[in-house]
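Take a look at the structure below.
The values are calculated or read from the model by the stated rules, or taken from the named source; none is laboratory data. The structure presented is a predicted model; accordingly, all values stated were derived computationally and were not measured. Note that we place each Cβ from the backbone using ideal geometry, even for glycine, and neighbour counts take in every protein chain shown.
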Amino acid sequence: MTQRLNYDYILETNVRGKPYITVSAKGIANGLSDIPNDGADFGPDTPGTQTSGIQEAYNYGKIKYNNNWDSVFTIVLGEGIFILNADVNISIGQSATDKSRPQAVNIIGQGSRSTQILINQPNLNGIVISNPNSDYAVEDTYLAYFSIDISYIGSPPYNTTSWGSTIINNVASNPTGSGANSMIAYFYYGYGGQGTTLNLIGVHFFTGNTKNGYGPTNGGLYVWGDVNVVAIDTILVGDRAFALIGSNTPLEGGSSNYDPNLFATFIGCYVGYSPNVYITGYLASFKDSNIIATINLNYNSATVGLTTNVTIEDSTVNPYNSLFNLTNATVNFIKINGINLISEPSFTGTTPTAIFTSTSAVTAGLLDMRNVANTSNISNFANNVSFSEYIFEGIQTVSGTALTLPTQSSINGTTAGTVKMDVVIYRASYKKYIITFSGYENNTATNQTINYPLPFSSYAIITGNNTGLTITASTTGITITSPNSTTTYSGIVIVEGY
């Protein structure tokens, strides 16, 4: 029976009008069709194929459609399981003297439940997209509507020694860390800020066992180079789910190779289920997503010096060991707005020690946290991590353990009551405290001095005081003149400065 493809997916991913090549997972060779490749251009009946015809489809399109400087074509995968016993190597990008490669290749399936790519051998990289050397900015690449798993296929009993031990839907997933190197790898030698974009739409990555150190060596989605990443309705789960390294010279790190304009955007995604997610050298943003991970903001020693910034909006966050690991990271800002912060050790198998962690002391730039509904049991805000600037607003503990912010303190009055200090804004050029007095009493003759959790730099002025107490401010704290009576005082004091 002839294969029927849903070409609407091509239209939906902005590749309309581009030439395309069809690849089927069904054929005579695997007993799933009575005609070669089930009527598609390539498939399991393609002579000598180790990639279910996907590599041969690229090789064919590279020659047939490479007739101008902006050549782009699409490989359309049908329904079924595409087994990879070798890497699919896709080389893109042209130079003034070499136009043998297309400017981009898109791979479109029929849905993550309908089109599945299975990496069937250890030490593979799955689909490898590379740009060896380009004088021109390459076109954007679209990968859409398929799933890709690290798996061992065969009849039971499955190989459970060196390759798989966790059976999921009758497929054994890699638990050893010695399996695939990656699932999709994109290496781009871009120059002069010629960044391109890898678009992932409705793609489902599953990297196998979720335990620490058990996933692909490099990361399920492994991007190293001058490549922007946009993921929409995409699932990246399992250990070492992805590693994005924004150095514009692949495999070489350092600030000299950093493109500060690179971005990685995740919208409506399910990310992590792992303590080993890496983003380095990007402005990374998550919106309307679920994050179950520790996000490591430096990849390794080669990437020290790359600047990483992160925003998370309108998402649910369930940290593993922590939400962010800043070990050896350079961070200008982290902005969080409108999240549900939860911790479910029964689900992750770990209890987070803090939201921000590092193995050694590190100071980042701005932390801007607003509208956080906290239902977690995370006891510490940060371990070995501080920020030079803070903005906190609308941090509410719904249940669980209240977050103790580094900008807050609560001190007992000399005789009775409490004085609570809370930073509203803590920036280099402007700082503001709201200090709340509740039933304060001092019936001694000694004034009380209370230091701020974080000091002012140069000036501190009291701009509001309705407590009835006489209070003075310095850059390090406030001094409360003792009323030397049993009268109690309540109200607020506002201190501003820089």
(request) Just give me the residues in region 93-111 being aliphatic (A, V, I, L, M) and touching a helix residue (DSSP H, G or I) at 6+ places or on another chain (Cβ under 9 Å), in sequence order. (result) VAL105, ILE107, ILE108
(message) Between GLY394, GLY417, GLY413, which is touching a strand residue (DSSP E or B) at 6+ places or on another chain (Cβ under 8 Å), touching a residue at least 40 places away in the same chain (Cβ under 8 Å) and more than 16 Å from ILE494 (Cβ to Cβ)?
(response) GLY417
(request) Go through region 322-372 and give me each residue that's surrounded by 19 or more Cβ atoms within 10 Å (Cβ to Cβ) and of a type in the set (Val, Ile, Thr). (result) THR330, VAL331, ILE334, ILE336, ILE339, ILE342, THR348, ILE355, THR357, VAL362, VAL372
(message) Looking at ASN309 and the list (1) modelled with pLDDT under 80; (2) over 28 Å from ARG113 (Cβ atoms); (3) not hydrophobic (A, V, I, L, M, F, W, C), which single condition is not satisfied?
(response) (1)
(request) Could you grab me the full set of residues in region 354-379 that are hydroxyl-bearing (Ser, Thr, Tyr) and either at pLDDT below 85 or not in a loop (DSSP other than H, G, I, E, B) (or both)? (result) THR357, SER358, THR359, SER360, THR363, SER379
(request) Please report, ordered by residue number, the strands (runs of 3 or more DSSP E) entirely within region 264-332 with at least 2 residues that are closer than 17 Å to ARG240 by Cα and touching a Gly at 6+ places or on another chain (Cβ under 7 Å). (result) 270-280, 290-296
(message) Looking only at region 21-44, filter to residues that are under 37 Å from the mean Cα position of the chain (by Cα) and in a loop (DSSP other than H, G, I, E, B); which one of those is surrounded by the fewest Cβ atoms within 10 Å (Cβ to Cβ)?
(response) ASP41
(request) Of the conditions (1) outside the structural domain of ASN261 (by TED's automatic domain parsing); (2) surrounded by 15 or more Cβ atoms within 10 Å (Cβ to Cβ); (3) of a type outside the set (D, E, K, R), ASN296 clears all except one; give me its number. (result) (1)
(message) List the strands (runs of 3 or more DSSP E) inside region 389-498, counting only whole elements, that have at least 1 residues being among the basic types (Lys, Arg) and surrounded by 14 or more Cβ atoms within 10 Å (Cβ to Cβ).
(response) 416-426, 431-442
(request) Being modelled with pLDDT of 80 or more and within 14 Å of the chain's Cα centre (by Cα) is the filter; apply it to region 215-231 and report the residue that is nearest to ASN123 (Cα to Cα). (result) GLY220
(request) Scan region 333-353 for residues that are assigned to a strand (DSSP E or B) and over 25 Å from GLU393 (Cα atoms) and report the count. (result) 0
(request) Could you look through region 56-111, keep only residues that are aromatic (Phe, Trp, Tyr) and either outside the structural domain of THR46 (by TED's automatic domain parsing) or part of a strand (DSSP E or B) (or both), and pick out the one that is nearest to ILE184 (Cα to Cα)? (result) PHE82
